[in-house]
Every structure is written in C-alpha cells, then in structure tokens.
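Each remark here refers to the structure printed beneath this line.
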Amino acid sequence: MQDWKTTMKANKTTREKIVLAIVWGFSLYYIIGYLAGIDPFPITVWLKAIYGPIYHTLFGG
Amino acid sequence: MNLQVSRFQFFSIVLNFIIYSSILMAPGITVINAKQDGWLSMLLALGVGLAANFLYLMLFKKHGYPSLFELMDRSAGKWIGTALNIVIVFYALHLTAMVVRNLSNFMITDVSPYSSPYIYQILILLVVAYTSYHGVKNLFLISELFTPFISLFVIGSLIVIIKHFKIIELKPFFYNPPSAILEGAYSTLGFPFIEIMLAGAFLTYVKRKDKLVSIALSAIAIGGAVLVITVILVIGNDSAYIVARESYPTYSVMRDVSLTTTFKRVEIIIGIAWIIGLFFKISTCFCVAMMGIKHLSKSKTFRGYIVPCAILVWAMSNGLHKTFIDFTNFVSMDWTLYWFTLYSFVIITMLIGLARKRA
C-alpha cells in the first residue's frame, strides 16, 4: 500500500502538482471566506455590474 | 481513447439537461414578463436556442469533433486557449453550484420546509462526486438507464394536469407587447438553451458520429417542446396571475391534482423526476469541469480534483446568493447574457480555428 502511494506521488508531474495546489488553494480560500461570513470572490456582484446595465438598456426598468 | 458513448446515451444526457433545468421554474420565469403569452416566449427561446446550437454543433463538425478543451487550445493558441479553458471550467463549476442551490431551494421551499438546505446540497454532491469518481462513462450509463423512467414520470404528470386545463386562461393570444414576449424568451434562452453548450465537451466520445448534429438538435427540440407544453398546461391550469407568483409553478399545479382517494399529493412524482434530472445536470457540469482541469494539468485522471471541487461547489452554492429572491433575479436578468458571452467567445475561437486551418 505504501509503495503504491509512493509511486503515485512520484508519478505526479510538476504541472499536475501546480494545478492541484491551485484547485485546493482556491477551494480552501473560498470556503474559509464563506464560513467567516465574507464574500471571498464576489463574482455575482461583478456580473450584475457588467450585465445589469445591458439588461436595463434592452428591456428597461 | 478508452471512453466511448453511444448516440442514445448522448441524446439522453442532452434531453435530461434541457428538460430538468427548467421544467419547474420556466413557467414562472416566462410568465412574469409575458403573462399568458409565456408559452410564446418559451417557443421563441427554443427557436433561438436551436439556431445557436446548430451553429455551435456545425462548427464542431467542421473541426472533426475534437475535445472542447483541445479545440480551444488548437484554435486560439496555447496561452489564450488555456485562459479560455480556465474560463470554461469556471463556468461549469458556477453552473454546478447554481443547480445545487436550485435543488436545495426547491427542497426547503416546496417539499420539506424548515429543513436545512445543507443536507440536500451535501447529499447530492456526494452522489455526484461518487459518479464522477467512477468516470464519465458511468454517468452516461446511468442516464441511459434512468431516462425512460423519468420521461414516463414527466409524461404521466403532464397527462394528469390536462384534466383541469382551461384554454380561456391562455386567451387572448399575443395580448402582451412583443417586448414582453422577448423579455420572457430572453430569461429562458440562457437557462437551458445556451448552457447546453457544455455538453459539447462529450461530443468527441460519441462512438458513431454520423448524424450527431441531428441527434443533439433533436434532443434539444424534444426537450424544448416538453417545456413549451409544460408552460401551456401550467398557465391553462392556474392562470398567468397565479403562476407568476409561484417559485415552482409546475409542482404547485401538480399539488392540486388527486387521482383517486388513495392517490393524492401526486406532485412528488414530478419532484422525483426533477431531482433525478438535476442529478444528471449537476453531474454533467461537474464532469465537464473535471475534464477541463484534467486537460489543463495534463493528468491521466481527474480523481484527485473531485474532492476540492465538490467542496468549492458546496461553498459557492451557498455563497453566491444570500437569498432566494436574489438567486431568481440573477437567473432571469443576468444569466443569459453571462452565458451568451461564453458562447460568443467559443464561436469566435472556433471560427478563428477554421480560418487558421484553411490558411
């Protein structure tokens, strides 16, 4: 079992390690922010700011 | 290539994606703007959605059905292609989170009020993560198995509500101005007719690719037709005035139906179909995100990314919108433009890829 784990770790390329670190890092950053009651990545606010005016131009009020 | 899916399996995934995203919410979203002409909005959204997907699929065909992520790399070059792939992965995760939130909203407002949304979110994500762990093929096999059953549930549900259908509720036709019908169509265009572009990531795995465009378009057309019929029946049962005030009007209409003295509260039939259908949608989006990350990392498997992404989806499903009203407003006002942006970028990239191929 130990050998299998060691082999799997050794087989990971640098690129894989970087992507995995980014995915874990962003997930942890987001969940810690959410649990702390802050918006860690306010994508909804940004999207509303971008598309809200376009929507109102197209359809009014 | 180890992964191969049949044309029926692909058809079933597209059909489930289209029907179950919208069957409970679409009547409400269209009727808010178009009143009793909500079904015309749905019909218009279906027409525009079919045209948009025809262009998307034809471009895929011209490129020889490669993987979506590979296509972006090949067409836009290494750096812009990678940036586009990151954006597609984010869109897929965002959509996954929104559908998970939609499911938990439904459970705590209509099925089991006062329960915690976290229970439903965590349970569905566990099933989705388990399915993804066993690979994309597993998702297609489950879809092939369940589609006939959930389709029967939907057909049965629609048949039982015909009993109280009144055509007068739909009249006068074209009573509302064209702008109101357009606004209703706008809201349902992105959700689900443009979102379905994510299923393009699976085109490369379909074993027999002849008539693949027709198969994908017929799944969209059949799914869209079911949605149009649902909107007609729901308005004809409850009137546009009531439908516009409901969060999940299809479910509410079913609640008023009692088949016999033994079979009452049959609305759960469509509720079960919707939950299973949403499982397919969530799994589809999640698998597309996983495939994108696998492509970006050049890994042999995406299993290592399932847990962090499932955690992220859970947090996003709760963190993106504080209230149900905010969620609904965002979906009806900004969602279509948001997805249309991705659609435009992907189409432009595909056209650039074609031009580069010919040069």
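The values are calculated or read from the model by the stated rules, or taken from the named source; none is laboratory data. Remember, it's a predicted structure, so these values are computed and weren't measured experimentally. For neighbour counting, all protein chains shown are included, and Cβ atoms are generated from backbone atoms with ideal geometry for every residue, glycine included. Just so you know, the surface numbers come from the protein's heavy atoms only, side chains and all, with ligands and any DNA or RNA stripped out. Shrake-Rupley method; radii C 1.70, N 1.55, O 1.52, S 1.80 Å.
Please go through the range B:263-277 and pick out each residue that is open to solvent by 20 Å² or more (accessible area, probe 1.4 Å) and under 23 Å from the mean Cα position of the chain (by Cα).
Listed by number, the residues that qualify are B:ILE268, B:ILE269, B:ILE272, B:ILE275, B:ILE276.
Considering only residues that are within 10 Å of chain A (Cβ to nearest Cβ), over 17 Å from the mean Cα position of the chain (by Cα) and open to solvent by less than 30 Å² (accessible area, probe 1.4 Å), which ones fall in the range B:307-359?
Result: B:PRO308, B:CYS309, B:ALA310, B:LEU312, B:ALA315, B:MET316, B:ASN318, B:GLY319, B:LEU320, B:HIS321.
What do you reckon, is A:GLY25 at pLDDT below 95 and more than 7 Å from chain B (Cβ to nearest Cβ)?
Here the answer is no, as A:GLY25 does not meet what is asked.
Which pairs turn up if I take residues in the range B:159-187 that are within 14 Å of chain A (Cβ to nearest Cβ) and look for partners that are open to solvent by 80 Å² or more (accessible area, probe 1.4 Å) and part of a helix (DSSP H, G or I) with beta carbon separation below 6 Å, at least 6 apart in sequence or on another chain?
B:ASN176/B:LYS35
Looking at the range A:6-19, can you tell me whether even one residue there is assigned to a helix (DSSP H, G or I), modelled with pLDDT of 90 or more and open to solvent by less than 90 Å² (accessible area, probe 1.4 Å)?
Yes, that holds for at least one residue.
So how many residues does the range A:29-40 have that are farther than 15 Å from B:THR323 by Cα, within 8 Å of another protein chain (Cβ to nearest Cβ) and either outside any helix (DSSP H, G or I) or touching a helix residue (DSSP H, G or I) at 6+ places or on another chain (Cβ under 6 Å) (or both)?
3
Assess whether B:TYR241 counts as being away from chain A (no Cβ under 14 Å), of a type outside the set (Gly, Ala, Ser) and in contact with a Gly (Cβ under 8 Å, 6 or more places away or on another chain).
no
Output the residues belonging to the range A:38-61 that are aromatic (Phe, Trp, Tyr) and surrounded by 11 or more Cβ atoms within 10 Å (Cβ to Cβ).
Those that are aromatic (Phe, Trp, Tyr) and surrounded by 11 or more Cβ atoms within 10 Å (Cβ to Cβ): A:PHE41, A:TYR51, A:TYR55, A:PHE59.
Show the residue pairs meeting these rules: Cβ distance below 6 Å; 6+ apart or different chains; first residue within the range B:326-343 and under 16 Å from B:GLY184 (Cβ atoms); second residue part of a helix (DSSP H, G or I) and among the β-branched types (Val, Ile, Thr).
Every condition considered, the pairs that remain are B:SER332/B:ILE29; B:LEU337/A:ILE54.
If you check B:LEU43 against the conditions, is it farther than 17 Å from B:LEU296 by Cβ and open to solvent by 10 Å² or more (accessible area, probe 1.4 Å)?
yes
Might you check whether a residue that is in a helix (DSSP H, G or I) and within 16 Å of the chain's Cα centre (by Cα) occurs anywhere in the range B:108-116?
no
Residues that are open to solvent by 10 Å² or more (accessible area, probe 1.4 Å) and among the hydroxyl-bearing types (Ser, Thr, Tyr): does the range B:221-233 have at least one?
Checked against the condition, which is being open to solvent by 10 Å² or more (accessible area, probe 1.4 Å) and among the hydroxyl-bearing types (Ser, Thr, Tyr), the range B:221-233 yields no hits at all.
Give the residue that is most open to solvent (accessible area, probe 1.4 Å), with candidates limited to residues of the range B:278-297 that are closer than 20 Å to B:LEU84 by Cβ and more than 11 Å from chain A (Cβ to nearest Cβ).
Residue satisfying both the conditions and the ranking: B:MET291.
Can you pull out every residue in the range B:74-88 that is open to solvent by less than 10 Å² (accessible area, probe 1.4 Å) and hydrophobic (A, V, I, L, M, F, W, C)?
Listed by number, the list holds a single entry, B:ILE88.
For every residue, the table says whether it meets (1) part of a helix (DSSP H, G or I); (2) at negative phi; (3) in contact with a Lys or Arg (Cβ under 6 Å, 6 or more places away or on another chain); (4) open to solvent by 10 Å² or more (accessible area, probe 1.4 Å).
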position: B:LEU141; (1), (2), (3), (4): yes, yes, no, yes
position: B:GLU144; (1), (2), (3), (4): yes, yes, no, yes
position: B:HIS164; (1), (2), (3), (4): no, yes, no, yes
position: B:ALA180; (1), (2), (3), (4): yes, yes, no, yes
position: B:THR188; (1), (2), (3), (4): yes, yes, no, no
position: B:GLU195; (1), (2), (3), (4): yes, yes, no, no
position: B:ASP210; (1), (2), (3), (4): no, yes, no, yes
position: B:ILE215; (1), (2), (3), (4): yes, yes, yes, yes
position: B:SER218; (1), (2), (3), (4): yes, yes, no, yes
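Could you figure out which of (1) basic (Lys, Arg); (2) surrounded by fewer than 21 Cβ atoms within 10 Å (Cβ to Cβ); (3) over 20 Å from A:ILE18 (Cα atoms) isn't true of B:LYS300?
Failing condition for B:LYS300: (3).
Return yes or no: is B:LYS281 within 21 Å of the chain's Cα centre (by Cα) and among the basic types (Lys, Arg)?
yes
Filter the range B:304-359 for residues that are under 21 Å from B:LEU125 (Cβ atoms) and aliphatic (A, V, I, L, M) and give the result.
Across the range B:304-359, the qualifying residues are B:ILE306, B:VAL307, B:ALA310, B:ILE311, B:LEU312, B:VAL313, B:ALA315, B:MET316, B:LEU320, B:VAL331.
Does B:SER258 qualify as being on the phi > 0 side of the Ramachandran plot and either of a type in the set (Gly, Ala, Ser) or open to solvent by less than 10 Å² (accessible area, probe 1.4 Å) (or both)?
No: the conditions fail for B:SER258.
Against the condition farther than 23 Å from A:TYR29 by Cβ, touching a residue at least 24 places away in the same chain (Cβ under 8 Å) and either more than 9 Å from chain A (Cβ to nearest Cβ) or in contact with a Cys (Cβ under 9 Å, 6 or more places away or on another chain) (or both), how does B:ILE270 come out, does it pass?
Criteria met by B:ILE270.
Within the range B:150-160, can one find any residue that is part of a helix (DSSP H, G or I), open to solvent by 10 Å² or more (accessible area, probe 1.4 Å) and touching a Gly at 6+ places or on another chain (Cβ under 9 Å)?
no
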